[in-house]
Every structure is written in C-alpha cells, then in structure tokens.
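Scroll down for the structure; my scribbles are underneath it.
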Amino acid sequence: YGQDFRFPREIVWLNGAPGSGKGVNTHHILKTRGLTKHFTISGLLESYPEARRLIETGEMIPDQLVVDLLLEALLLDEPGLQDDLGFVVDGFPRTATQV
C-alpha cells in the first residue's frame with residue numbers, strides 16, 4: 001500500500017446470526033473495553049463502490065475483496081474509524097474461506 005500501518009491495541013470480533021444481539025451488545029463492549037470505534041462488515045462493503053454494485057446485482061462478494069477492505073480498515077489510518085486503542089468488528093468472518 002505504500003503507507004504507514006497503525007496496529008490497534010485490541011480488536012473485538014463479533015460473530016453471530018442476524019438478530020443474535022451483536023448490535024445490541026456493541027455499546028456495552030465498547031464501554032467495558034474502553035474502546036470508541038466500531039464498524040460492521042456490511043457497512044464497510046456498502047461504502048465501497050465495487051462491493052455495492054455486486055450487492056445491488058445480487059452477486060456474491062469475493063472473499064479477497066472482503067479481506068482487502070477489512071485489512072485496509074484495520075491497518076490504515078481511516079479518518080474516524082481507527083484509533084490507537086482498537087475497535088469492535090461486527091460480522092467477520094462470513095465464509096469458511098475467510099475463517
């Protein structure tokens with residue numbers, strides 16, 4: 001990437017079926033762990049034009065694209081997304097390959 005990477009102190013991974021309480025518990029986890037940032041994989045994908053196009057046409061998003069976007073969010077200094085403490089990631093992994 002040709003950029004400086006920033007490694008967060010902590011990453012909390014939230015996994016579970018839709019409606020299992022991931023979003024409900026996010027605030028509690030952030031407060032308990034002293035973190036301030038979180039993001040969902042679905043929100044990350046919707047913010048990327050190529051992924052959004054695939055979603056709109058009903059196609060599967062390639063694992064490589066999901067992992068690339070996740071690594072960029074985790075390691076690059078995205079304004080408003082990353083801080084030195086860490087953050088909560090909701091919805092990863094989504095496939096056996098991503099595991």
Cα-only Debye scattering, segment 17-67: base-10 log of I(q)/I(0) at q = 0.12, 0.23, 0.32 Å⁻¹: -0.38, -0.89, -1.15
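Can you give the local net charge around T40? Use residues other than it whose beta-carbon is closer than 13 angstrom to its beta-carbon, Lys and Arg +1, Asp and Glu -1. Show your work: numbers first, answer last.
Values: positive: K22, K37, R94; negative: E46, D90.
Summing Lys and Arg as +1 and Asp and Glu as -1 gives +1.
Relative contact order for the chain: what percent, with Cα pairs under 8 Å and sequence separation of 6 or more?
Values: 117 pairs, mean separation 50.9, N = 99.
RCO, the chain: 51 percent.
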Value at 222 nm in deg cm²/dmol, rounded to 500, when DSSP H runs of n ≥ 4 in the chain each add -39,500 (n - 2.57): -11500 deg cm²/dmol
Neighbourhood charge, 13 Å Cβ-Cβ cut-off, centred on H27 and excluding it, Lys, Arg +1 and Asp, Glu -1: +3
GNM result for the chain, Cα springs below 10 Å: residue of G43, G86, G58 fluctuating most strongly: G58
Dipole magnitude of the chain, debye to nearest 20 (Cβ charges: Lys/Arg +1, Asp/Glu -1, about Cα centre): 460 debye
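All of the numbers you see were taken from the coordinates with simple rules; none came from a lab. The structure displayed is predicted, hence computed values, not measured ones. All Cβ positions, glycine included, derive from the backbone under ideal geometry; neighbour counts span all protein chains shown.
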